[in-house]
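Colleague: Below is the structure I would like to discuss, written out as structure tokens.
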Amino acid sequence: MIHILRENESASQAAAVYGLKEENLRTYNTLGDYFPGGENEAVWMDCGGLVRFDEISGEAKRLKYYEHPEHELNFLHSVSSVTDGFVPIDNWGRDAKEIFIDGYGVSGNNLLLPADYPAINACVLHRITPSFVINSPGDYLSDEIGFQLVNDLSFKEYRNVLIRVTGEAQMQDALKLSDFLRSENFGIFAAMPYNCAKLTSPGDYERVYYETEKTAFDFESFTLRCDELQTLFGEQRFGVLYTPRGAQMDPDGGNIRYLTLRGLGEVLGKKEGAVMYDESCELAFFRIRPSRGEGEKSNVIYEDLRSFYAKAAFCLERGIKYFCINGCGAYFAGLGRIFGLIEGGL
């Protein structure tokens with residue numbers, strides 16, 4: 001459940017209402033070193049289902065999550081060593097239909113092999129489709145790198161490939177690589193920002209994910225772009241690759257600092273006053289005190305659990321079948337479970 005902290009209510013007090021321990025909340029809600037504890041902050045309560053409170057007795061009744069069997073939840077999981085592959089998927093990825101494992105790289109004429117066997121094994125164990133990720137597709141077009149890649153893939157259970165395109169300059173490289181990998185019988189998916197996706201032919205890939213941008217994460221921008229791209233690609237070829245976003249506006253120079261989840265945790269620890277929520281753009285915001293205690297305060301906007309709920313509900317309502325979350329961990333598992341709160345949809 002999504003719980004909004006009230007004035008003078010601590011996260012531990014809120015946890016007690018739902019019959020949870022504070023440790024459970026810390027698992028799903030910690031951003032960097034920051035744990036929510038301020039007024040109007042959204043907190044994920046991992047209750048194992050919907051919670052309804054009797055208005056008279058106050059007793060909690062637990063109900064099953066809503067199911068959306070036609071909807072496919074995916075995760076994108078980055079691996080860098082054998083120690084970080086199995087556990088995140090085993091603990092947090094079980095709700096996924098497919099997990100895209102990001103580990104390949106290129107250095108000169110050498111393919112950098114990923115430590116992906118534990119992650120693949122976790123997928124196989126839980127009957128999740130394991131697929132691999134290619135970044136910078138132009139790096140893989142030489143015969144030498146192509147041979148090394150195909151040789152390594154021959155030992156693994158990968159089914160599909162997700163080629164990430166960051167700009168128009170990579171679009172032709174992605175098409176060339178897709179032709180090569182398609183000949184090896186992989187399903188070919190692409191993830192790209194709106195400006196690239198709208199220039200892509202519907203027949204170029206079996207599936208195209210709109211990869212949300214750091215510069216446009218308000219609700220209206222998201223919905224307009226999804227509507228246009230879903231019309232272009234159709235329900236069976238279109239999906240969303242979602243990354244939570246935030247931004248800090250400098251009042252002096254007008255500069256914008258785009259925030260990762262860890263960066264958001266850092267600035268949340270310096271906020272002044274309560275977090276506010278703007279339902280028109282489905283974003284949370286607060287003000288942050290200057291580092292030296294002087295000058296104007298900075299404004300910070302970010303996507304919290306309510307922001308994600310709004311976008312997830314929109315995707316279900318519009319029949320967007322594929323939704324991939326960029327990360328595989330406790331926080332991202334909480335995001336995935338938010339789909340079970342949404343009634344209706346597909």
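Colleague: If we keep just the residues of segment 162-192 that are in contact with a strand residue (DSSP E or B) (Cβ under 8 Å, 6 or more places away or on another chain) and part of a loop (DSSP other than H, G, I, E, B), which is least open to solvent (accessible area, probe 1.4 Å)?
Modeller: Among those that are in contact with a strand residue (DSSP E or B) (Cβ under 8 Å, 6 or more places away or on another chain) and part of a loop (DSSP other than H, G, I, E, B), it is Val165.
Colleague: For the list (1) without any contact (Cβ under 8 Å) to a residue 60 or more places away in the chain; (2) within 29 Å of Glu343 (Cα to Cα); (3) open to solvent by less than 20 Å² (accessible area, probe 1.4 Å), I need the number of the one condition that Gly85 fails.
Modeller: Answer for Gly85: the failing condition is (2).
Colleague: Next up: So, in segment 88-116, how many residues would count as being open to solvent by 40 Å² or more (accessible area, probe 1.4 Å), of a type outside the set (A, V, I, L, M, F, W, C) and in a loop (DSSP other than H, G, I, E, B)?
Modeller: 5
Colleague: Can you pull out every residue in segment 65-115 that is among the aliphatic types (A, V, I, L, M), farther than 30 Å from Asp143 by Cα and out of contact with any Pro (no Cβ under 9 Å at 6 or more places or on another chain)? It would help to see each step written out before you state the result.
Modeller: Initial filter on segment 65-115 (among the aliphatic types (A, V, I, L, M)): 73, 76, 79, 82, 87, 89, 96, 99, 101, 106, 111-113, 115.
Filter once more, so that each one left must be farther than 30 Å from Asp143 by Cα: 73, 87, 89, 96.
Listed by number, the residues that qualify are Leu73, Ala96.
Colleague: Counting only residues that are farther than 22 Å from Gly327 by Cα and touching a residue at least 40 places away in the same chain (Cβ under 8 Å), which one in segment 224-247 is surrounded by the most Cβ atoms within 10 Å (Cβ to Cβ)?
Modeller: The extreme case among them is Gln230.
Colleague: Something else about it: Inspect segment 146-161 for any residue being open to solvent by less than 80 Å² (accessible area, probe 1.4 Å), of a type in the set (A, V, I, L, M, F, W, C) and under 20 Å from Glu72 (Cα atoms) and give the result as yes or no.
Modeller: For segment 146-161, residues open to solvent by less than 80 Å² (accessible area, probe 1.4 Å), of a type in the set (A, V, I, L, M, F, W, C) and under 20 Å from Glu72 (Cα atoms): present.
The values are calculated or read from the model by the stated rules, or taken from the named source; none is laboratory data. The shown structure was predicted, so the numbers you read here are calculated from the model rather than taken from an experiment. Heads up, the Cβs are rebuilt from the backbone with ideal geometry, glycines too, and the neighbour counts pull from every protein chain shown. The area values use the complete protein model at the heavy-atom level, side chains included, leaving out ligands, DNA and RNA. Shrake-Rupley method; radii C 1.70, N 1.55, O 1.52, S 1.80 Å.
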